[in-house]
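The values are calculated or read from the model by the stated rules, or taken from the named source; none is laboratory data. Just so we're clear, the structure is a prediction, and the values are computed from it rather than from any experiment. Neighbour counts run over all protein chains shown; Cβ positions are idealised from the backbone, glycine included. Protein only, heavy atoms only, side chains kept; ligands, DNA and RNA dropped before computing areas. Shrake-Rupley method; radii C 1.70, N 1.55, O 1.52, S 1.80 Å.
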Amino acid sequence: MTTAARELVGPEPVDWRLAERVARGIAGRDRFADSYLASSLHTDFAAVSIEAEDAVADYTGLRSATPAIAEVVDRGAWVAANLRSMRTLLAPLTERFADRMAHNPFAPVGRRVAGTELGVLLGYVAQRVLGQYDLLVPDDDGGATADRVYYVGANVLGLEKRYAFRPVEFRRWIALHEVTHRAQFTGVPWLREYFLDQVHSLVGGIEPDPGMLFAAVGRAADAVRLGRNPVDERGIVGLFANDAQREAMDRMQALMSLLEGHGNAVMNHLGAHLVDGQARMASVLAQRRNARGATALLQRLMGLEMKMRQYEVGEAFVQAVTDLAGFRTLDAAWSAPEQLPTLAELDAPEMWLDRVGALAVG
């Protein structure tokens with residue numbers, strides 16, 4: 001549905017402009033944004049991204065048809081790129097909500113609340129994110145900004161200064177992780193489409209029915225009475241999902257755990273050989289992921305805790321497969337969607353190795 005057609009039906013359920021304003025305000029401007037140190041970011045990341053891509057291809061066998069393009073952005077540009085991605089991702093759902101909200105007198109209030117909440121989330125993350133490969137950023141400008149690896153310059157500079165990291169080494173280490181994600185999605189021909197299919201299965205099946213809200217609240221209350229956190233595993237979205245959507249969420253979680261674990265394993269293995277000071281860098285970033293106190297509570301409420309568990313589960317799976325059968329045994333996972341590990345197999349790597357016929361390799 002085009003923007004003009006959508007406006008004839010009704011407004012989207014999220015005030016995207018408000019979300020961007022709130023996110024930019026919370027993200028703020030880091031004091032390093034205008035530092036003389038920033039002048040080397042563009043040339044360094046352009047160079048280390050190409051170096052990292054060659055190393056990743058040699059180690060993993062995943063090769064992209066085109067070279068990686070590094071783009072250093074500020075927090076505001078990162079927010080804008082992710083809002084474009086989220087708007088694309090949620091389009092099947094927001095278009096149906098627009099139809100339902102066309103004559104709802106409370107729609108303007110709901111749009112502003114949703115925009116504010118989304119802005120708070122993105123603004124918080126924008127203060128911390130270092131790099132990102134985003135396969136969903138639309139290429140409305142004819143491909144000029146599509147398929148790029150983003151690096152948030154001010155955040156990179158802030159950590160380099162705080163921990164006295166050698167800039168070019170730290171930047172090379174970050175690049176190893178991000179170009180690994182690009183290699184996964186561009187080097188495995190079916191992976192991007194599979195990922196988007198799972199997303200569409202999830203958001204495309206959600207019906208904008210207020211009754212679902214009350215049912216979800218009831219399930220959450222039951223979980224609390226039983227002493228469980230109702231958003232531990234699937235996040236808040238899981239409260240509204242039906243059985244088919246929960247299956248799609250499980251497939252998504254399993255895939256993202258594999259991708260994150262694989263990315264970290266590649267980064268740490270290659271970093272140990274190519275990056276001076278890699279061990280301390282890994283320790284610092286692990287501490288940032290395992291934040292406690294109010295920060296940890298905020299991360300749980302926003303669903304970021306599941307992201308952290310993805311790193312842990314995925315890394316443990318990749319390490320176990322490597323120990324049992326060798327790192328390149330993971331190539332079996334890239335051969336077809338049916339060969340991807342399930343959530344259960346992530347916790348029991350021997351099951352996956354047995355299923356794909358690789359257990360005897362080690």
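On the basis of being modelled with pLDDT under 85 and outside any loop (DSSP other than H, G, I, E, B), does Leu159 make the cut? Spelling it out, it is not the case that Leu159 is modelled with pLDDT under 85 and outside any loop (DSSP other than H, G, I, E, B).
Of the residues making up segment 113-127, those that are modelled with pLDDT of 85 or more and open to solvent by 70 Å² or more (accessible area, probe 1.4 Å) number 1. Among the conditions (1) in contact (Cβ under 8 Å) with a residue 40 or more places away in the chain; (2) surrounded by fewer than 16 Cβ atoms within 10 Å (Cβ to Cβ), the only one that Thr43 does not satisfy is (1). Which of the residues that make up segment 56-97 are at pLDDT 95 or above and either assigned to a strand (DSSP E or B) or open to solvent by 20 Å² or more (accessible area, probe 1.4 Å) (or both)? Within segment 56-97, Asp58, Tyr59, Gly61 qualify.
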